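The values are calculated or read from the model by the stated rules, or taken from the named source; none is laboratory data. Predicted model only: the values in this text are computed from it and were never measured. Methodologically, a virtual Cβ is constructed for each residue, glycine included, from the backbone with ideal geometry; neighbour enumeration extends over all protein chains shown. These accessible areas exclude ligands, DNA and RNA; they are computed on the full protein's heavy atoms, side chains included. Shrake-Rupley method; radii C 1.70, N 1.55, O 1.52, S 1.80 Å.
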Amino acid sequence: MSYRFTDLKSSKSGSFNNNKLLRIQDSTMLTAGLSAGILQLQSFAGFGMFFAVYILVNLIFIAWFCKFKPSLYFTNPVHKIWVKNLFRELAGFVMTWTLAFTLVR
Amino acid sequence: MSILSKSFYFIAWIQIIHSGVSSYEFHQIVKHIILENPDAKTPGLPDDVKLEALCGLLFFILGTFISQSKLKYLSIRGEERIIETDEYLKPIELNKASSTDVVINNDPYGEINYLPSFVDIHAKRKLFKEYLHRSL
């Protein structure tokens with residue numbers, strides 16, 4: 001016998017967790033952009049740094065905050081943690097990267 | 001935010017600003033060298049400046065994670081107490097998420113249950129009269 005309401009998720013908890021993840025990713029990727037600008041990285045080196053820091057931050061988040069069980073805290077964790085905020089963070093990173101690059105040059 | 005995370009942020013910003021200023025000064029010197037001798041081979045950014053910028057970033061990332069506090073709840077009705085948990089995030093499963101509401105005596109459907117149409121106004125008036133009677 002199957003129940004219709006066995007797989008219900010709390011939207012309140014979901015938005016709380018998403019906001020926390022977003023705040024961490026925003027602040028760290030903006031600072032990573034500053035560092036990339038100070039280091040005068042160009043082209044693929046800068047984007048490589050973006051992906052390295054993005055992966056590092058997400059792995060720390062999964063290990064520390066989710067205790068290696070992101071499915072307990074996120075619906076579709078691969079999408080929510082890795083994909084959903086990727087271009088938002090990339091835009092922020094490029095913004096501070098170019099700002100620091102031109103200020104330092 | 002704990003003193004530890006504040007100190008991490010402080011060290012991070014000092015390192016990032018200092019490496020930025022150092023990088024700026026280095027590039028000013030390089031510009032002068034090129035102006036004096038256009039054929040001169042320009043050196044790369046010194047390793048200590050690179051290391052300082054990366055260390056600043058690492059300290060900032062650590063500070064960001066440390067500054068996040070574990071979840072705490074204050075019970076709303078009944079005995080007032082702070083309930084500390086070992087979690088940074090809220091569980092997504094509805095049965096677990098609602099169990100927190102049970103622990104803190106929160107009514108997640110209070111927006112509906114406390115609408116005037118749903119409130120037993122006679123019981124409330126009786127309670128209020130009793131309260132007035134006691135306080136007078």
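In table form, for the structure just shown:
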| quantity | calculated |
| --- | --- |
| Yes/no for residue A:82 being away from chain B (no Cβ under 12 Å) and either out of contact with any Leu (no Cβ under 8 Å at 6 or more places or on another chain) or not aliphatic (A, V, I, L, M) (or both) | yes |
| Subset of region B:71-101 (residues that are open to solvent by 50 Å² or more (accessible area, probe 1.4 Å), at pLDDT 80 or above and more than 14 Å from chain A (Cβ to nearest Cβ)) | B:74, B:81, B:82, B:84 |
| Residue check, residue A:16 open to solvent by 10 Å² or more (accessible area, probe 1.4 Å) and away from chain B (no Cβ under 11 Å) | no |
| Residue count for region B:43-65, restricted to those that are over 20 Å from residue A:60 (Cα atoms), more than 7 Å from every other protein chain (Cβ to nearest Cβ) and open to solvent by less than 80 Å² (accessible area, probe 1.4 Å) | 5 |
| Any chance residue B:20 is assigned to a helix (DSSP H, G or I), open to solvent by less than 100 Å² (accessible area, probe 1.4 Å) and either in contact with a Cys (Cβ under 9 Å, 6 or more places away or on another chain) or small (Gly, Ala, Ser) (or both) | yes |
| Counted residues, region B:27-48 - those being out of contact with any Lys or Arg (no Cβ under 8 Å at 6 or more places or on another chain) and either modelled with pLDDT of 95 or more or not hydrophobic (A, V, I, L, M, F, W, C) (or both) | 14 |
| Test set (1) of a type in the set (Lys, Arg); (2) open to solvent by 60 Å² or more (accessible area, probe 1.4 Å); (3) in a loop (DSSP other than H, G, I, E, B) - residue B:31 fails condition number | (3) |
| Residue in region A:76-95 that is part of a helix (DSSP H, G or I), more than 14 Å from the chain's Cα centre (by Cα) and crowded, with 20+ Cβ neighbours inside 10 Å present | no |
| Qualifying positions in region A:37-53 - outside any helix (DSSP H, G or I) and more than 7 Å from chain B (Cβ to nearest Cβ) | A:41, A:42, A:43 |
| Residue match in region B:88-104 (condition: over 30 Å from residue B:21 (Cα atoms), β-branched (Val, Ile, Thr) and in a loop (DSSP other than H, G, I, E, B)) | yes |
| Which listed residue, of A:34, A:22, is in contact (Cβ under 8 Å) with a residue 12 or more places away in the chain, more than 10 Å from chain B (Cβ to nearest Cβ) and open to solvent by 30 Å² or more (accessible area, probe 1.4 Å) | A:22 |
| Residues satisfying the stated conditions in region B:34-70, i.e. of a type outside the set (Ser, Thr, Tyr), part of a loop (DSSP other than H, G, I, E, B) and touching a residue at least 12 places away in the same chain (Cβ under 8 Å) | B:43, B:45, B:46, B:68, B:70 |
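Residue-wise test of (1) modelled with pLDDT of 95 or more; (2) within 10 Å of another protein chain (Cβ to nearest Cβ).
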position: A:4; (1), (2): no, no
position: A:30; (1), (2): yes, yes
position: A:55; (1), (2): yes, no
position: A:58; (1), (2): yes, no
position: A:62; (1), (2): yes, no
position: A:70; (1), (2): no, yes
position: A:78; (1), (2): no, no
position: A:89; (1), (2): yes, no
position: A:98; (1), (2): yes, no
